[in-house]
Amino acid sequence: MSLTATELVPIPAAPEGHVFRTIDVVRHSGPCGAVISGVNLATELPEETIAEIRRALLDHLVIFFRAQSLSADEQVAFSRRFGPASPVPFVNAIPTHPEVIAVVREASETQRFAFGGIWHSDFSMLPQPPMGSILHALEVPPFGGDTLWANQYLAFENCSPGLQNALRGLSAVHSARDAYAPKMQDVHDMFKGMSVQTSEEANRTQVHPVVRVHGETRREALYVNSQYTIGLDQWWSPEEKLLLDYLYRHATQESFTCRWKWEVGDVAFWDNRCLQHMALGDSSGHRRFMHRTTVAGETPAR
Ligand code: SIN
């Protein structure tokens, strides 16, 4: 029997209904995102506050903090409260801090394409992709340069039961070949502010489940993305292209997304296990400069 999708799965009014004691949490968008206030990330926060920040991250998938002023050391210290640093291949760390990369778009860059400008989950081609990424805005353009996130729990929950069952049994092949292999050097030459090392290593492949069970929430999330997923394990290419193209479009539809307009001092902390994200390259003439740290994650599991 075929099914007709009459409505999307409703978004919960207040995810989990958690009450927070040490932070204020205000929802930013329907599908995901919350703004947290009442906390200075540059200080050594008590365990209870860290636990509440983690709870808010699990509830809202991406959390934002305004008006922070973190040195690279302070950002590393905050990041480590959530786990060790993840490996960050191909992108060089800043000289003084091996756990920090600079995400920079120079004012002189005119291309409509930003670093991180294709929907992705960070480094999904690693055997253990990062759990989270933390981006701190140090210089922002007066317009443009927003970041978008898409909720991959909703993406999975809004597939039909029949498609969900089929997807649960599938594995996808991930690779950085279309991002960091030497053939991509021309693209990286456009990114004047970035320090990237293309390499043959990027042609390596890694297989992950198409639907992963989040290690903390135990919820199922769609886990394919158009930047790093290059195929479906044991499928022929015309078949996999059809299904993957459908899933990429489905997974990033507007009703699953939130969007952030950056101000200097903002910090965004997102969960790569259940989100995709992309940056917009529409701020030509103005510099955008961020520091990013990345928290290690688990092996994606069914
Ligand atoms: C990224 O981590 O993919 C970059 C995100 C951004 O610059 O907004």
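The values are calculated or read from the model by the stated rules, or taken from the named source; none is laboratory data. What you are looking at is a predicted structure, and each value in this text was computed from that prediction instead of being measured. With ideal geometry, Cβ positions are generated from the backbone for all residues, glycine too; neighbour counts draw on all protein chains shown.
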Of the residues that make up region 157-174, is at least one buried (at least 20 other Cβ atoms within 10 Å of the Cβ), free of Cβ contacts under 8 Å to residues at least 60 places away in the same chain and closer than 29 Å to ASN92 by Cβ? yes
For residues in region 118-144 being more than 30 Å from PRO209 (Cβ to Cβ) and within 14 Å of the ligand (Cβ to nearest atom), which is surrounded by the fewest Cβ atoms within 10 Å (Cβ to Cβ)? GLU139
Checking THR229 against (1) surrounded by fewer than 21 Cβ atoms within 10 Å (Cβ to Cβ); (2) in contact with a His (Cβ under 8 Å, 6 or more places away or on another chain); (3) hydroxyl-bearing (Ser, Thr, Tyr), the condition it does not meet: (1)
Given the criteria in a loop (DSSP other than H, G, I, E, B), of a type outside the set (Phe, Trp, Tyr) and surrounded by fewer than 21 Cβ atoms within 10 Å (Cβ to Cβ), does MET194 qualify? yes
Name the single residue that is surrounded by the most Cβ atoms within 10 Å (Cβ to Cβ) among those in region 81-117 being in contact (Cβ under 8 Å) with a residue 40 or more places away in the chain, in contact with a helix residue (DSSP H, G or I) (Cβ under 8 Å, 6 or more places away or on another chain) and under 28 Å from HIS208 (Cα atoms). VAL100
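Would it be correct to say that LEU243 is buried (at least 17 other Cβ atoms within 10 Å of the Cβ) and more than 16 Å from the ligand (Cβ to nearest atom)?
Yes, satisfied.
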Taking region 94-117 as the region of interest, how many residues are away from the ligand (no atom under 14 Å from the Cβ) and of a type in the set (A, V, I, L, M, F, W, C)? 2
Failed criterion for HIS208 (all others in (1) within 20 Å of the chain's Cα centre (by Cα); (2) over 30 Å from ALA77 (Cβ atoms); (3) assigned to a loop (DSSP other than H, G, I, E, B) hold): (3)
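Quickly run through region 271-298 and pick out the residues that are part of a strand (DSSP E or B) and either at pLDDT below 95 or hydroxyl-bearing (Ser, Thr, Tyr) (or both).
The answer is THR293, THR294.
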Subset of region 271-285, residues surrounded by 15 or more Cβ atoms within 10 Å (Cβ to Cβ), away from the ligand (no atom under 14 Å from the Cβ) and more than 14 Å from the chain's Cα centre (by Cα), comes to SER284
Hey, can you tell me all the residues within region 124-176 that are assigned to a loop (DSSP other than H, G, I, E, B) and more than 23 Å from THR205 (Cβ to Cβ)? VAL140, PRO141, PRO142, PHE143, GLY144, GLY145, ASP146, ASN158, CYS159, SER160
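Here is a yes/no grid of residues against (1) in contact with a helix residue (DSSP H, G or I) (Cβ under 7 Å, 6 or more places away or on another chain); (2) closer than 30 Å to SER108 by Cα; (3) of a type in the set (A, V, I, L, M):
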| position | (1), (2), (3) |
| --- | --- |
| ASP186 | no, yes, no |
| ASP189 | no, yes, no |
| GLN197 | no, yes, no |
| GLU200 | yes, yes, no |
| VAL207 | no, no, yes |
| GLU220 | yes, no, no |
| LEU232 | yes, no, yes |
Given the options ALA301, ALA268, name the one that is farther than 18 Å from MET125 by Cβ and either in a strand (DSSP E or B) or away from the ligand (no atom under 16 Å from the Cβ) (or both). ALA268
Any chance region 63-70 includes a residue that's among the polar types (S, T, N, Q), in contact (Cβ under 8 Å) with a residue 24 or more places away in the chain and assigned to a loop (DSSP other than H, G, I, E, B)? yes
Filtered residues of region 254-265 (kept if hydrophobic (A, V, I, L, M, F, W, C) and either within 11 Å of the ligand (Cβ to nearest atom) or surrounded by fewer than 21 Cβ atoms within 10 Å (Cβ to Cβ) (or both)): TRP260, TRP262, VAL264
